[in-house]
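Accompanying notes for the structure given below.
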Amino acid sequence: MLKRTSFIFILVFIFTSFIQQSQLNAKHNHFLESMVFPVRNVMSHFYDDWGEIRGNGNRVHEGIDIRAQKGSPIVAIADGVVNTLAFTESSGYYIAIDHQNGWLSLYVHLDDDINGNDNLGGRNTAFADGIYLGGEVIAGQTIGYVGDSGNADGTVPHVHFEVRYMGKSYDIYDYIKSSWERFEKYIKFPKNSVSIYFK
Ligand SMILES: [Zn+2]
């Protein structure tokens, strides 16, 4: 009996998750489909690592890690307002942009190095000039720089990129991949591209 109840519960859970996901997609297609790739470096590397189990099985990775040369510009994926500019031991320097439609984008482990891996940088190496709390940013605007601050110290420099809708993190890998393809196209054929890269 217990088994059957659990089975039904799981089915309902899968069904409601599916419905939630499709409603979300329908409502926010435009926002996600027009997002700008967050790192301005054609040598960026990423894969779908959303949902990977990390920290010896202690946590789920709720973001996509985009590896790129240290110091590569990180750009806002869409217009918005700077919601957070902060430092924590685990995240290092990070920025959150509120897109004022329920979506928030986060850019984590920004650059804290001046030379090599010295951790002697700070807000000046992590955040771009003109970025301040409450300030407006536009899609494609440089907001910070790729690094390895926080618990990423000494790893391959990368930005932990994450998007949340109403506080909940979503796997938007497919949209990131599409934004990457638009970026590559822009680099190869800038004149023919209708993309908004880069203001
Ligand atoms: Zn990550």
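A short reminder: the numbers here are calculations on the coordinates, not readings from a lab. Note that the structure is a prediction, hence the values are computed from the model and not measured. Note that each Cβ is placed from the backbone with ideal geometry, even for glycine, and that neighbours are counted across all protein chains shown.
Give the calculated FRET efficiency between His61 and Asp118 to the nearest 0.05, with a Förster radius of 25 Å applied to their Cβ-Cβ distance.
Values: r = 27 Å, r/R0 = 1.09.
According to the calculation, E is roughly 0.40.
Let me know the number of lysine pairs in the chain closer than 17 Å at the Cα, not counting same-chain pairs under 8 apart.
Summing the qualifying lysine pairs gives 5.
Which length gain, in nm to one decimal place, applies between Ile138 and Ile187 when the Cα-Cα distance is subtracted from 0.36 nm times their residue separation?
Extra length available between Ile138 and Ile187 comes to 15.7 nm.
List the extent of the Cα atoms of the stretch 34-188 along each of their three principal axes, largest first, rounded to whole Å.
39, 37, 35
Taking the Cα-to-Cβ direction at His45 and at Asp79 and moving 7 Å from each Cα, how far apart do the two end points lie in nm?
For His45 paired with Asp79, the spin-label model returns 3.7 nm.
Helix 173-188 against the longest principal axis of the chain: what's the angle in degrees, Cα atoms only, rounded to the nearest 10?
Orientation of helix 173-188: about 30 degrees from the principal axis.
Near the amide H of Ile143, under 5 Å away, which other amide H atoms are found, from residues 5 or more places off or on another chain, if H is placed in the peptide plane?
Close amide H contacts, sequence-distant or interchain: Ile74, Val75, Ala76.
Any idea what angle helix 2-33 forms with the longest principal axis of the chain, computed on alpha-carbon atoms, 0 to 90 degrees, nearest 10?
Tilt of helix 2-33: around 40 degrees.
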